[in-house]
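Please read the structure below before turning to the comments.
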Amino acid sequence: MRADSGKVTQIFREMADLLAIKGENPFRVRAYEKAADVLEHLSGDLQDLHNEGKLEKIPGLGKGMCEKISTLLNTGRLPAYEELKKEIPAGVRELLLIPEVGPKTAKLLYEEAKVKSIEDLEKCVKSHKLQHLPGMGTKTEENILRGIRFYRTSRARILLGKALPLVEEVIGELKEKASSWIERISPAGSLRRGRETIGDIDILVSSSSSHPLMEAFTSLSCVREVLAKGETKSSILTHQGLQMDLRVVSPDSFGAALQYFTGSKAHNISLRERAIRRGLKINEYGVFTQDGEEIGGRDEEEVYACLDLPFIPPELREDRGEVDAAREGRLPQLIREEEIKGDLHLHTRASDGSASIEELMEKAQEKRYQYLAITEHSVSLKVGGGLSEEALLAEVKEIRQMNSHFEDFRVLTGTEVDIKKDGTLDYSDEVLRELDIVVAALHTGFKQDREIITTKVIKAMQNPFVRVLAHPTGRLLGERDPYAIDLDKVLEVAKEKDIWLEINAQPERLDLTDIWIREAKRRGVKMVIATDAHNIKGLDLISFGVITARRGWLESADVINTLSLKDLLKVLFKKRS
DNA sequence: GCCGTTTTCGGCCCGACTGTTTTCAGTCG
């Protein structure tokens, strides 16, 4: 049977939930969750790692977990898991998806009221059959019903690209309503870490008086419902069903609180364990000695410094080795948006965009870029207004004429050429030869199997004119899964043929993902951060690509479009000569 | 179940908010 780390991950997560419902040792539960996290973010092949005996070296996977993984890989089954499933029906685990219902409540509901599904739960609450249970009052009933509604309407995470504008709006409104009470204000949580999707939004404020802020927050125009309101924390539900929390702390604690609420949870646990080993304690108010003396907390830098660590950028705080790297002075100098010198994947109204070349150029110069590449779709992509060979060559001629008018800026000619089903390209080599940059992309056959897709993409990468592989997995967050492609092989060929992999900055793509970006870097594969913009504002999406690249530990040297125009032209034409 | 800058045993992050338990358990992040 073929290795499938996805299946192992899912089984470990389910086991963690089932053990928690059984009331097992919480640390044992955590061990399963931790193991699932580790496996989920593995870039190598699980079967290979297992064969090479490298699994036990991965922090979080001990002897017990490795044995279970081995059993699963060899037999496709896991007796311990099957036992657990027999004990607790699947519907009981489903109850955990409802806010307010945790493992203890699920156990109580199942054992005392025979609740085996969310539907059961809803019926029981509505007919007040649970009121005899300990801890179940009218309020709890209301909360559970609200939780069920929330689960059904809005449990999907929203895109970073949607959450960021929303949080900016909210911060603006808070400043309008209560500016004199705000000392410092910042988003925290997964939004600040730049995760591709956001579950809920955290905002942190430092202030000497929390009351007026809580008033302002719970009366924002976006509030549908106030879920909680206290001295230090309030929670609201917005009209679009998104939960937003506001935390208020004193100015002396802002750094500690920002560190704490930015997470991730796993990163914080790692930091706190380090603190304990040094006889210190970290909480959201500061760093404290055993005698309770505060030794830091006003700024995040201070918190890390108390642990003898340099500042760790939020994008790295996922407990994927960043604390060790910080300790050993191996943190990367993460790429910054100002280092981007141009955009290498753009569409104009000649294909399916809405801007002209001149308009894109104007915007690019506003952004202090030195170049951009016009990369329309190719013949076969009818829905994308693909250009015929003649139309493409006419555009090339037009661009060359434009370029003759300026010295320190350049519009590069290019194409986003379709990879056809046999792995050949949608334009002849004679046409591709005329272009400055050829970006190859897959737009059809997403349902084909791994072997077929991988083979055609790799064949396309052998074409001597191809420089970039666009959106390498084709995923659309919340809409379409990545197609089955063996990225491991793609990276191998990319390294060998010096093909650059795109980090597509469209918020619903963000493709490559952070995990694979880091793996590509590890193997010495270069990348391009590009917006795939179809209109003028689209060029601003570059920031989402940069955040994702930072999450993949990239430095400017890993990214081709940090090169100056002169250096870019050198590498572009080196391959052909 | 994992793990070791006092440890191969005995710990394992920490606090706010809520509801209903008159002193705290459950959930969440």
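The values are calculated or read from the model by the stated rules, or taken from the named source; none is laboratory data. This one's a predicted model, so the numbers in the text were calculated from it and none came from an experiment. A quick note on method: Cβ atoms are made from the backbone with ideal geometry, for glycine too, and the neighbour counts reach across all protein chains shown. Only protein heavy atoms, including side chains, enter the accessible area calculation; ligands, DNA and RNA are left aside. Shrake-Rupley method; radii C 1.70, N 1.55, O 1.52, S 1.80 Å.
Numbers for the structure displayed
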item	result
For the range A:158-249: accessible area per residue (Å², 1.4 Å)	41
Nearest-10 value in Å² for the accessible area of A:MET402, using the 1.4 Å probe	20
From the C-alpha gyration tensor of the range A:158-249, square roots of 5λ in Å	20, 14, 12
Solvent exposure ordering (accessible area, 1.4 Å, most first) of A:TRP181, A:TRP516, A:TRP500	A:TRP181, A:TRP516, A:TRP500
Calculated on alpha-carbon atoms, Rg and Dmax of the range A:1-58 in Å	12.4, 36
Total formal charge among the other residues, if their Cβ is under 14 angstrom from that of A:GLU141, Lys/Arg +1 and Asp/Glu -1	+3
Accessible area (Å², 1.4 Å probe, nearest 10) - A:LYS459	100
Computed E for A:TYR151/A:ARG224 - FRET, C-beta separation, R0 22 angstrom, nearest 0.05	0.90
Largest-first ordering by accessible area, 1.4 Å probe, given options A:TYR285, A:TYR260, A:TYR369	A:TYR285, A:TYR260, A:TYR369
Calculated on alpha-carbon atoms, Rg and Dmax of the range A:376-451 in Å	14.2, 49
Computed label-point distance, nm, for sites A:GLU183 and A:HIS211 using a 7 Å Cα→Cβ extension	1.9
For A:ASP45, solvent-accessible area (1.4 Å; no DNA, RNA or ligand), Å²	40
Cα gyration tensor category, rounded, prolate or oblate, for the range A:254-327 with a/c compared to 1.5	prolate
Nitroxide proxy distance, nm - points 7 Å out along Cα→Cβ at A:GLU328 and A:ASP308	1.6
J(HN,Hα) series, the range A:478-484, from Karplus relation 6.51 cos²θ - 1.76 cosθ + 1.60, nearest Hz, glycine and proline x	x, 10, 9, 5, x, 6, 6
FRET efficiency for A:ARG400 and A:ASP449, using Cβ-Cβ distance with R0 set to 45 Å, rounded to 0.05	0.60
Accessible-area composition of chain A, carbon plus sulfur, in percent [1.4 Å probe]	49
Two-site FRET efficiency, A:ASP291 against A:LYS566, from Cβ-Cβ distance with R₀ of 51 Å, rounded to 0.05	0.30
Gyration tensor (Cα) of chain A, equivalent ellipsoid semi-axes in angstrom	44, 30, 25
Neighbour cut-off at most 12 other Cβ (10 Å), DSSP loop, GluC sites (Glu not before Pro), the range A:189-247	A:GLU231
Burial order of peptide ranges A:338-345, A:370-377 (average beta-carbon count within 10 Å, highest first)	A:370-377, A:338-345
